[in-house]
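See below for the structure under consideration.
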Amino acid sequence: MGRYRPNVAAILRKPKNGKILVGQRADHKSCWQFPQGGVDKGEDLIAALYRETEEEIGVAPGKYRIIECRTGYRYKFPGGHLKKGRFCGQEQTYFLCDYRGKKKDIVLDNHVQEFIDYAWIYPADFQLKWVPKFKRRVFKRVFRDFFGIKLKLAGK
């Protein structure tokens with residue numbers, strides 16, 4: 001059995017209207033998620049957040065401010081898959097951040113392109129069906145913990 005890989009995720013929020021940024025994944029076009037990624041060896045959570053946010057959406061640390069942080073969100077990869085041959089899943093730390101940048105500051109092809117599009121949505125408009133089944137429990141907890149919202153699958 002593998003271990004859980006440390007992972008960070010950025011919930012960027014526009015303070016004026018409360019909308020949050022979600023990105024459409026390049027490898028699974030029906031999936032939308034927050035910028036996120038693994039914590040490298042020797043890296044602390046904040047450094048990983050800054051690196052992942054800049055790599056995935058081109059947003060530098062000076063363009064947002066961390067408001068809240070919550071940890072302990074865990075999921076396993078489906079089918080017993082091990083990432084990097086040793087991780088059975090991920091343990092995520094989510095950061096709610098107020099975004100101070102402009103549209104031009106978001107660059108999806110800044111690094112290896114992981115998102116093909118992005119949108120600013122109200123948290124209540126997020127659809128659980130946009131997330132792979134193995135991640136849905138985590139997303140339900142994240143939306144409850146950060147926004148007081150109970151996500152449900154459409155029609156249920």
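Of note:
- Helix-only CD estimate at 222 nm, as mean residue ellipticity for the chain, using -39500 (n - 2.57) per DSSP H run (n ≥ 4): -5000 deg cm²/dmol
- For residue 58, neighbours were defined as the other residues whose beta-carbon sits under 13 Å from its Cβ, and their charges (Lys and Arg +1, Asp and Glu -1) total -2.
- In terms of its C-alpha gyration tensor, the range 1-51 has an oblate overall shape, because the principal axis ratio a/c (a ≥ b ≥ c, square roots of the eigenvalues) is not below 1.5 and a/b does not outweigh b/c.
- Cross-link pairs beyond the 30 Å C-alpha cut-off, checked among 83/129; 103/140; 41/135; 83/103; 14/83; 29/63: 83/103; 14/83
- Each of 128, 9, 115 was placed along the dipole of the chain (beta-carbon charges, centred on the mean Cα), and the one lying farthest toward the positive end is 128.
- Sorted by Cβ neighbour density within 10 Å, fewest at the top, the residues 8, 39: 39, 8
The numbers here are math on the coordinates, done by the rules we state, and not lab data. These figures come from a predicted structure and were not determined experimentally. Don't worry about glycine lacking a Cβ; one is built from the backbone with ideal geometry, like all the others, and counts go over all protein chains shown.
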